[in-house]
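Asker: This is the structure I want to talk about, given as structure tokens.
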Amino acid sequence: MSTHLIDAGVNLTNHQFNDQHLAIITRAKTQNVSQMLLIGCNINSSQQAFELAQQYKLLATAGVHPHDAKSADKKLETQLRTLAVNSEVVAIGECGLDYNRDFSPREIQRSVLHRQLALAVELNLPVYLHERDASEDMLAILQQYSVRGVLHCFTGDHHTLEQYLSLGLYIGITGWVCDERRGKSLQQLIPTLPLERLLIETDAPFLIPRSLTPKPKSHRNEPSYLPHICQTIASLKGLEFATVAKQTTLNFQQLFNQKG
């Protein structure tokens with residue numbers, strides 16, 4: 001069985017990775033992380049994610065995060081279409097709703113989400129979704145569109161998980177599952193999450209797995225730690241590491257139309 005992994009969410013454009021892109025990617029490859037999806041959170045970072053993906057033969061998303069929804073303008077669709085014509089750009093997002101921080105007014109978050117979902121349908125691209133403390137509104141909006149995609153960095157409850165699965169979405173699990181303080185409820189959900197609907201992601205440089213030993217001095221997450229997340233999930237499911245690695249890689253390839 002192949003033990004190659006795909007990191008389904010990396011913020012490689014984050015300033016913590018400035019001037020270190022090659023080193024980060026090289027370290028990941030030594031840990032059998034053979035591909036990664038670079039997340040765009042606004043027009044600027046989506047452009048940067050695309051350029052990095054092009055340079056390093058990686059993949060990227062193009063979209064506007066709910067935190068940045070207030071900065072979206074009437075040119076949003078045109079800007080995203082321009083990026084989405086490139087083969088490296090495989091999804092619209094990161095888009096969604098975040099009522100935990102409310103960095104953008106909720107009405108604007110909902111409007112910008114609607115616009116990106118409609119564009120994803122038009123372009124026949126999957127969506128890369130973010131939701132925090134907003135599952136009721138998120139589910140109501142998603143039910144209006146026939147989209148495929150992934151609910152990134154899932155941290156919700158069993159009912160919410162069932163609802164997202166019923167919409168045909170994949171579920172992205174991060175190092176949150178390795179957190180002995182905040183991650184207990186997620187750990188309990190992992191056995192109920194179908195392996196064929198699971199993607200694994202670091203969300204680097206955020207959400208470093210707290211159970212890593214020895215603990216990295218930098219406290220910065222990076223894609224080379226993805227095997228630790230995979231092993232944690234495998235243990236919670238009572239499966240072999242290679243089984244989870246192979247299926248999550250296949251899931252990624254199927255969702256984002258990538259050849260194996």
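Asker: Out of all the residues in the range 231-248, which are in contact (Cβ under 8 Å) with a residue 24 or more places away in the chain, farther than 18 Å from Leu169 by Cβ and part of a helix (DSSP H, G or I)?
Answerer: If the condition is that a residue be in contact (Cβ under 8 Å) with a residue 24 or more places away in the chain, farther than 18 Å from Leu169 by Cβ and part of a helix (DSSP H, G or I), then Thr232, Leu236, Lys237, Phe241, Ala242, Thr243, Val244, Ala245, Lys246 are the ones that fit.
Asker: Still on this structure, please answer the following. Do you know which residues across the range 104-120 are buried (at least 16 other Cβ atoms within 10 Å of the Cβ) and among the aliphatic types (A, V, I, L, M)? Steps first, please.
Answerer: Filtering the range 104-120 down to residues buried (at least 16 other Cβ atoms within 10 Å of the Cβ) leaves 104, 109-110, 112-113, 115-117, 119-120.
Within the range 104-120, Val112, Leu113, Leu117, Leu119, Ala120 meet the criteria.
Asker: With the requirement that a residue be assigned to a loop (DSSP other than H, G, I, E, B), touching a Phe, Trp or Tyr at 6+ places or on another chain (Cβ under 8 Å), surrounded by 20 or more Cβ atoms within 10 Å (Cβ to Cβ) and not β-branched (Val, Ile, Thr), what does the range 157-204 give you?
Answerer: Correct list: Gly183 only.
Asker: Report every pair of residues separated by at least 6 positions or lying on different chains whose Cβ atoms are under 8 Å apart, first residue within the range 124-148 and in contact (Cβ under 8 Å) with a residue 12 or more places away in the chain, second among the aromatic types (Phe, Trp, Tyr).
Answerer: Pro126/Phe256; Arg132/Tyr99; Asp133/Tyr99; Ala134/Tyr99; Asp137/Tyr99; Leu139/Tyr164
Asker: Same structure, new question: Would you check if there is a residue in the range 190-198 being within 16 Å of Leu5 (Cβ to Cβ) and not polar (S, T, N, Q)?
Answerer: The initial filter retains those residues of the range 190-198 that are within 16 Å of Leu5 (Cβ to Cβ), namely 195, 198.
Then drop every residue that is not not polar (S, T, N, Q), which leaves 195, 198.
The answer is yes; a qualifying residue exists.
Asker: For the range 121-140, which positions are open to solvent by less than 10 Å² (accessible area, probe 1.4 Å) and farther than 16 Å from Cys41 by Cα? First the steps, then the outcome.
Answerer: First, the residues of the range 121-140 that are open to solvent by less than 10 Å² (accessible area, probe 1.4 Å): 126-129, 134, 138.
Those that are open to solvent by less than 10 Å² (accessible area, probe 1.4 Å) and farther than 16 Å from Cys41 by Cα: Ala134, Met138.
Asker: Quick check: is even one residue across the range 159-171 closer than 18 Å to Arg27 by Cα and either polar (S, T, N, Q) or touching a Cys at 6+ places or on another chain (Cβ under 8 Å) (or both)?
Answerer: Here is the first cut: in the range 159-171, the ones closer than 18 Å to Arg27 by Cα are none.
No, because not a single residue in the range 159-171 is closer than 18 Å to Arg27 by Cα and either polar (S, T, N, Q) or touching a Cys at 6+ places or on another chain (Cβ under 8 Å) (or both).
Asker: If you go through the range 218-227 one residue at a time, do you hit one that is at positive phi and over 16 Å from the mean Cα position of the chain (by Cα)? Walk me through it before giving the result.
Answerer: Applying the first criterion (at positive phi) to the range 218-227 yields 219.
Next cut, over 16 Å from the mean Cα position of the chain (by Cα) only: 219.
Yes, the range 218-227 contains a residue that is at positive phi and over 16 Å from the mean Cα position of the chain (by Cα).
Asker: Next question. Right, Gln258: surrounded by fewer than 21 Cβ atoms within 10 Å (Cβ to Cβ) and farther than 22 Å from His21 by Cβ or not? Steps first, answer last, please.
Answerer: Numbers: surrounded by fewer than 21 Cβ atoms within 10 Å (Cβ to Cβ): yes; farther than 22 Å from His21 by Cβ: no.
No: the conditions fail for Gln258.
Asker: Inside the range 213-230, can you point out the residues that are assigned to a loop (DSSP other than H, G, I, E, B) and either open to solvent by less than 20 Å² (accessible area, probe 1.4 Å) or of a type in the set (Gly, Ala, Ser) (or both)?
Answerer: Pass one, the range 213-230, residues assigned to a loop (DSSP other than H, G, I, E, B): 213-222.
Matches in the range 213-230: Ser218, Asn221, Glu222.
Asker: Give the residues of the range 138-154 that are farther than 18 Å from Thr248 by Cα and assigned to a loop (DSSP other than H, G, I, E, B), sorted by residue number.
Answerer: Of all residues in the range 138-154, those farther than 18 Å from Thr248 by Cα come to 138-147.
Within the range 138-154, Gln143, Gln144, Tyr145, Ser146, Val147 qualify.
The values are calculated or read from the model by the stated rules, or taken from the named source; none is laboratory data. Fair warning: this is a prediction, and the values are worked out from it, not measured in the lab. Counting neighbours? That spans all protein chains shown, and the Cβs are built from the backbone with ideal geometry, glycine included. Quick note on the areas: whole protein, heavy atoms, side chains included, nothing else; ligands and nucleic acids left out. Shrake-Rupley method; radii C 1.70, N 1.55, O 1.52, S 1.80 Å.
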